[in-house]
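Below you'll find the structure, written out as structure tokens, and then a few comments.
All of the numbers you see were taken from the coordinates with simple rules; none came from a lab. Worth saying up front: this structure is predicted, and the values here are computed from it rather than measured. Ideal geometry is used to build each Cβ from the backbone, glycine not excepted, and the neighbour counts take in all protein chains shown.
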Amino acid sequence: MQDIANDVINTVKSATVLNDAACDELLDRIQQRGKPFDLVHTQHKRNAYFRQHCGMVEARSVFLGNRYDQLIDGVIGSARQIIKRDTFQYVPVLKLLALLLSDESILSETMQDHRPNNRVMRDFCDGTLYQNIALFAEDKSALQLCLYFDEGKVVNPLV
């Protein structure tokens, strides 16, 4: 980083654009920005930053219950049962929607007309399934939510 700062200072001095005091101020500014991620280099700092500056909506861990798993103990070579907690992560959908729609660019995209203007399929709204859903046929401003579930486990059915 120091080499880059020196190159910038030497280039600016040789161009006689700034005096020595201005060059020193420029060097200080470059060095301050030399490590731009120091403020967010841990998970805690990232969460604090996004809470403070972006209104982050945090997921909550919700306890579902306990289950028993089998674990093979490498020391004694036998299987034993252990208790595992089952949880899921809940994101408050209404709070998240409020945050997203408070951004003018996102709000304007949601207010766009979703009716096809030609015979080209661009998204779900251009299909007949969408057009046959009564809610979307009657209320053109109805908000569409795409929900997903991201856990899938591949298991051996013979075990």
- [ ] Quote the FRET efficiency, to the nearest 0.05, computed for PHE88 versus GLN131 with a Förster distance R0 of 35 Å and r equal to the Cβ-Cβ distance.
- [x] 0.55
Open item on the list: In whole Hz and in residue order, list the ³J(HN,Hα) couplings for segment 127-140 that follow from phi through the Karplus curve 6.51 cos²θ - 1.76 cosθ + 1.60, θ = phi - 60°; x for Gly and Pro.
Closed with: x, 6, 4, 4, 5, 8, 7, 4, 4, 6, 6, 7, 10, 5
TODO: Compute the length gained on full extension between ASP69 and ASP123: take 0.36 nm times their separation in residues and subtract their Cα-Cα distance, giving the result in nm to one decimal.
DONE: 15.2 nm
- [ ] Two decimals is fine: what is log10 I(q)/I(0) at q = 0.29 Å⁻¹ for segment 50-103, from a Debye sum with one equal scatterer on every Cα and no solvent?
- [x] -1.06
